[in-house]
Amino acid sequence: MTTIPLPPDHNQRVNARQKILEAKYQSTYALTDPDKKSRALALLERIGTIDWKTEGYQSPDHQRDLSIKFHWGHDHRFDADLQVKGRMGNRHLSLAAQFMEGFSLPDNHFQGRAVLDIGCWTGGTTLVLAMLGASRVLALEEVRKYAEATNILATDIYGLSTIHCEPKSLFDLKEGRFDSVYIPGVVYHLSDPVLGLRRLFNRLRDGGDILIESAGIRHDGRMCRFKGNQEHFGGSEDGDMNRGGWAWFWPSASCLDAWMYEAGFDDIRVFYSEEGSRVFGYGKRIKYRDITRAGLSVPDIE
């Protein structure tokens, strides 16, 4: 295991990198076409709508507030007059800065790569990956309304033929080959994180890499905190429907390292960030290697 000690000026370096990314993001996605701005306004009208039946839920009980009511994911500026605040703010940009600084990735890390983006919400992370040079981005978003919004944003508004979002869980992903997997803010929502990471390992080409970010705990050992999907916090259930929670396991950095290794990854590096109590991981698929199948919930996985 390689736990990266963050330098004293890590946060300052991340903030500086984020400012550069923010400027590039705003210039890249500035709208000048009135017709496309009209499409953007129509998309934003969906914010606040409540819809659980088309998500496939038998009832709204025990489902995430954010899966039932439409909340925009990340801050986005269409032009000087049309901007939208997202639940995650500029996190799509701060995370990219964290990955780059924490793992010493070059600016062109995603250049020319086919990237799998897991849990894109309304497409903020997907647009960032395209901006950073990805040749193709397949986004997965299990909330159907957000998958549709991502496709509208990427295709109808920005005309990005290199982006496509599918409304499915990563557990249903059984084909495709990618150079990188990008999975921020998802692994702690998985009931079976090792199996989920194995699914992603199998979708990488040999030599491909994975970037993971998760809610986590500060602990030197291979520990994780069980949260459970019935634990919620903040916001309100009625009206706003904006509570957080619905997580399963919060890992330590060492625990995330162990999950990644068990799933097949090598050259693993991890670190813990006090900012928001998050853990970050980087690993590579050097070559195929089998997974230990004792007690595995899906024993016939490749």
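The values are calculated or read from the model by the stated rules, or taken from the named source; none is laboratory data. What you see is a predicted model; the values in this text were computed from it and never measured. As a convention, Cβ positions derive from the backbone with ideal geometry for all residues, glycine included, and neighbour counts pool all protein chains shown.
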Exactly one of Leu116, Leu132 is among the hydrophobic types (A, V, I, L, M, F, W, C) and surrounded by fewer than 24 Cβ atoms within 10 Å (Cβ to Cβ), and that residue is Leu132
Tally the residues that are touching a strand residue (DSSP E or B) at 6+ places or on another chain (Cβ under 6 Å), crowded, with 18+ Cβ neighbours inside 10 Å and not in a helix (DSSP H, G or I), restricting the search to the stretch 142-170.
-> 2
Residue by residue through the stretch 67-108, note down the ones that are out of contact with any helix residue (DSSP H, G or I) (no Cβ under 9 Å at 6 or more places or on another chain) and at negative phi.
-> Ile68, Lys69, Ala80, Gln83, Lys85, Phe99, Phe103, Asn108
Considering only residues of the stretch 279-296 that are in contact with a helix residue (DSSP H, G or I) (Cβ under 6 Å, 6 or more places away or on another chain) and not basic (Lys, Arg), which is modelled with the lowest pLDDT?
-> Ile291
Is one or more of the residues making up the stretch 206-226 within 16 Å of the chain's Cα centre (by Cα), surrounded by fewer than 17 Cβ atoms within 10 Å (Cβ to Cβ) and in contact (Cβ under 8 Å) with a residue 24 or more places away in the chain?
-> no
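Looking at this structure, is Ser297 exposed (fewer than 12 other Cβ atoms within 10 Å of the Cβ), free of Cβ contacts under 8 Å to residues at least 12 places away in the same chain and more than 18 Å from the chain's Cα centre (by Cα)?
Numbers: exposed (fewer than 12 other Cβ atoms within 10 Å of the Cβ): yes; free of Cβ contacts under 8 Å to residues at least 12 places away in the same chain: no; more than 18 Å from the chain's Cα centre (by Cα): yes.
No.
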Hey, which of the strands (runs of 3 or more DSSP E) in the stretch 228-302, taking only ones fully inside, have at least 1 residues that are within 20 Å of Ser180 (Cα to Cα), touching an Asp or Glu at 6+ places or on another chain (Cβ under 7 Å) and not charged (D, E, K, R)?
-> 266-273, 278-284
